[in-house]
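Okay, so here's the structure we're looking at.
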Amino acid sequence: MDNINNDDVKFMRMALRQAQIAFDMKEIPIGCVIVKDGVVIGKGYNQVEQLKDATAHAEIIAIGTAASTLDNWRLDDCTLYVTLEPCPMCAGAILNSRVSRVVYGSPDTRFGGCGTTVDVINGNALKRDVQVTGGILADECLGLLKGFFQQMRLEKGDSGNKGV
């Protein structure tokens, strides 16, 4: 983990706004923004249910929009901000797109691909150096996820008190 920079909280709040869009659409609320030179060049939110596509994670969509903005699939010198630690699939896409830095909110104890469960990023076979910072606005990011799953359980009539 590297040091937090002054813009990390600002851009994580933008990622949280993307996550809220997903929440409002009854998608798992994960949001992502990609920044280059202090400017947001890509953003996305989870759209797996809406698009009926298992790969439609916030990071994948944000990588696609950032690549379109730059007219280049190489996202060198870009920082990806995401509300939940990327899964192994998204971590692989981060490596392939050459993102330089990943900043995530809440760690993912089930599917985290940046060191919590598995580590796709560090020591990767592609020899890419990607800095990872976790825990930025973690409580807010996790709170949105917990609220979502609590709401889904209530809508399904399950009043059980299970964790996320």
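The values are calculated or read from the model by the stated rules, or taken from the named source; none is laboratory data. Quick caveat: nothing in here was measured; it's all calculated off a predicted structure. Ideal geometry is used to build each Cβ from the backbone, glycine not excepted, and the neighbour counts take in all protein chains shown. Quick note on the areas: whole protein, heavy atoms, side chains included, nothing else; ligands and nucleic acids left out. Shrake-Rupley method; radii C 1.70, N 1.55, O 1.52, S 1.80 Å.
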Residue list for the range 116-142, filter: under 13 Å from Ile94 (Cα atoms) and touching a helix residue (DSSP H, G or I) at 6+ places or on another chain (Cβ under 8 Å): Val120, Ile121, Asn124, Leu126, Arg128, Val130
Residue set Asp129, Asp139, Asp108, Asp119; condition under 14 Å from the mean Cα position of the chain (by Cα) and free of Cβ contacts under 8 Å to residues at least 40 places away in the same chain; output residue Asp108
Subset tally (residues that are modelled with pLDDT of 85 or more and either open to solvent by 60 Å² or more (accessible area, probe 1.4 Å) or small (Gly, Ala, Ser) (or both)) for the range 152-164: 3
Need pairs with beta-carbon distance below 6 Å; first residue at positive phi and at pLDDT 95 or above and within the range 35-46, second in a loop (DSSP other than H, G, I, E, B) and open to solvent by 40 Å² or more (accessible area, probe 1.4 Å); sequence gap 6+ or separate chains. none
Let me confirm something: among Ala138, Ala125, Ala56, Ala93, which residue is more than 25 Å from Ile4 (Cα to Cα) and open to solvent by less than 30 Å² (accessible area, probe 1.4 Å)? Ala56
Looking at Asp53, is it more than 14 Å from the chain's Cα centre (by Cα) and farther than 26 Å from Gly143 by Cβ? yes
Hits in the range 96-122 - residues which are of a type outside the set (A, V, I, L, M), within 19 Å of Thr55 (Cβ to Cβ) and open to solvent by less than 40 Å² (accessible area, probe 1.4 Å): Ser97, Tyr104, Asp108, Gly112, Gly113, Cys114
